[in-house]
Amino acid sequence: MCIMRVIGGSAKGQRLQSLPGENTRPTLDRVKESMFNMIQLYVQGAKVLDLFGGSGALGIEALSRGGAFAYFADEHRGSIPVMEENLKKTKFQSQSKILAMDFRRALETLGKENQAFDLIFLDPPYGKALAAEALKMIAKGELLASQGLVIIEQDKKESLEIPTDHYDLWKEKKYGNTFVRVLKNRSEA
């Protein structure tokens, strides 16, 4: 298990539990810090979706920095108790909801509820090309608020086909083997 922590805001310094196993890849602190520096003006009061939630670290970081409410979705059974424990530790249970389901079902469910998010974090398992599919479903379900951002973390070797009829690439940065891309809703770009 790797040691993770909240790096800014009200829960700064709080250690977070990570998922066990070789297939997990928590966001490095330097990547997370840079990611939040890019989007800092959009976090305060934001409604957040951490779609491939894992430990919940990205959504929790957003809440710590002033996000209003966060939804977390993950299909892996081991993720749910870890997210619950991390939300309890950081005292964000009342500002969050966990969806124990795969990303497709989560997006369909949230679309039926007419949800719209200011920030959507996509940190899918590397090498599975899930970000492109998620972007299409987010657009189809109109889940991104008019001034919303989608923040994507991917392996640098993975390509990403951005549906340019819905999104504009706003910022992009490489950190070692990781690419972070920030997309804006095209209606506001």
| request: Output the residue which, of all residues in the stretch 146-173 that are without any contact (Cβ under 8 Å) to a residue 24 or more places away in the chain and in a strand (DSSP E or B), is nearest to LYS32 (Cα to Cα). | output: GLU172
| What do you reckon, is VAL6 aliphatic (A, V, I, L, M), crowded, with 22+ Cβ neighbours inside 10 Å and out of contact with any helix residue (DSSP H, G or I) (no Cβ under 8 Å at 6 or more places or on another chain)? | no
| query | So is ARG77 of a type outside the set (Phe, Trp, Tyr), over 25 Å from TYR167 (Cα atoms) and either part of a loop (DSSP other than H, G, I, E, B) or touching a Lys or Arg at 6+ places or on another chain (Cβ under 6 Å) (or both) or not? | reply | yes
| task | Kindly indicate whether GLY45 is assigned to a loop (DSSP other than H, G, I, E, B), in contact with a helix residue (DSSP H, G or I) (Cβ under 9 Å, 6 or more places away or on another chain), surrounded by fewer than 19 Cβ atoms within 10 Å (Cβ to Cβ) and at pLDDT 95 or above. | result | no
| task | Sort through ALA11, ALA70, ALA100 and tell me the only one that's surrounded by fewer than 17 Cβ atoms within 10 Å (Cβ to Cβ), in contact with a Lys or Arg (Cβ under 9 Å, 6 or more places away or on another chain) and more than 25 Å from LYS174 (Cα to Cα). | result | ALA100
| said: Just to be sure I understand the filter: pairs with C-beta atoms under 6 Å, separated by 6 or more residues or on different chains, first member in the stretch 40-52 and more than 18 Å from MET83 (Cβ to Cβ) and in contact (Cβ under 8 Å) with a residue 12 or more places away in the chain, second member in a strand (DSSP E or B) and not hydroxyl-bearing (Ser, Thr, Tyr). Which pairs pass? | reply: TYR42/LEU149; ALA46/ASP118; ALA46/LEU119
| query | Within the group LEU143, LEU130, which residue is more than 27 Å from LEU41 (Cβ to Cβ) and hydrophobic (A, V, I, L, M, F, W, C)? | reply | LEU130
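Okay, residues lined up against (1) polar (S, T, N, Q); (2) within 27 Å of ASN177 (Cβ to Cβ); (3) out of contact with any Leu (no Cβ under 6 Å at 6 or more places or on another chain):
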site	(1), (2), (3)
GLY59	no, yes, yes
TYR71	no, no, no
GLU75	no, yes, yes
MET83	no, yes, yes
ILE120	no, yes, no
PRO124	no, yes, no
ALA134	no, yes, no
GLN147	yes, no, yes
LYS156	no, yes, yes
| VAL48: closer than 28 Å to GLY127 by Cα and either touching a Ser or Thr at 6+ places or on another chain (Cβ under 9 Å) or not polar (S, T, N, Q) (or both), yes or no? | yes
| Do we find a residue being outside any loop (DSSP other than H, G, I, E, B) and surrounded by fewer than 14 Cβ atoms within 10 Å (Cβ to Cβ) anywhere in the stretch 114-130? | no
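The values are calculated or read from the model by the stated rules, or taken from the named source; none is laboratory data. All values reported here derive from a predicted model rather than from experimental measurement. Note: ideal-geometry Cβ built from the backbone for every residue, glycine included; neighbour counts use all protein chains shown.
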